[in-house]
Amino acid sequence: MMRKLATAGMGVVLGLAMAQVAFAQAKPEVLVKQRQAVMTLQGKYFGPMAAMAQGKAPYNAAVVQRNAGFLDNLSRMAWDGFDASTRGVDVKTRALPAIFDNSAGFKSAASRLENETAKLVAVSRSGDEAAVKAQIGAVGKTCGGCHDDFREKN
């Protein structure tokens, strides 16, 4: 009797685990839309900092600290949306095939963005406006480098 209950219990656990995996697998179209949403939010939080670094907006340390924190989190979110299943999906995207053809280069570019945004978070706490502006420029350069190699031009 105990053996039958244990076997039945294991079957239920296995069935629930398999159902969870099935629900966790997003459709390629959804992955594309999710990564695009992350990129849009990256622009939302980076744009004001870039304007400050370029002298187009007054420097505001509190905004930089907040936005740098958000950008740091966002810098790690989009990458799983570039799954191979999204290649050639029927959703308008500016992602180039190079993302999949040169996955090592793409992963390296993603890692550089993560590292540069983490540095921005750290320097934003220093109170050194010049250093913050320089690091904002470094983040922007990293973004641009990835866009040059892996994103379709307008």
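The values are calculated or read from the model by the stated rules, or taken from the named source; none is laboratory data. Quick caveat, the model's predicted, so the values are computed rather than measured. Heads up, the Cβs are rebuilt from the backbone with ideal geometry, glycines too, and the neighbour counts pull from every protein chain shown.
The condition of being more than 27 Å from G81 (Cα to Cα) and not acidic (D, E) does not hold for A110. Residue check: A26 meets all listed conditions (1) surrounded by 15 or more Cβ atoms within 10 Å (Cβ to Cβ); (2) modelled with pLDDT of 95 or more; (3) not β-branched (V, I, T) but one, namely (2).
Residues in segment 90-111 that are without any contact (Cβ under 8 Å) to a residue 24 or more places away in the chain and either loosely packed, with under 15 Cβ neighbours inside 10 Å or among the basic types (K, R) (or both): 7 in all. Residues of segment 113-153 that are surrounded by fewer than 15 Cβ atoms within 10 Å (Cβ to Cβ) and polar (S, T, N, Q): N115, S126.
Output the residues belonging to segment 112-133 that are more than 20 Å from W79 (Cα to Cα) and free of Cβ contacts under 8 Å to residues at least 12 places away in the same chain. Listed by number, the residues that qualify are A122, S126, D128, A130, A131. Step by step: first the residues of segment 54-74, then only those that are part of a helix (DSSP H, G or I) and charged (D, E, K, R), then the one that is farthest from L113 (Cα to Cα). Which residue is that? Among them, the one singled out is R66. When we screen V132, V121 for residues that are among the β-branched types (V, I, T) and in contact with a Ser or Thr (Cβ under 6 Å, 6 or more places away or on another chain), the only hit is V132.
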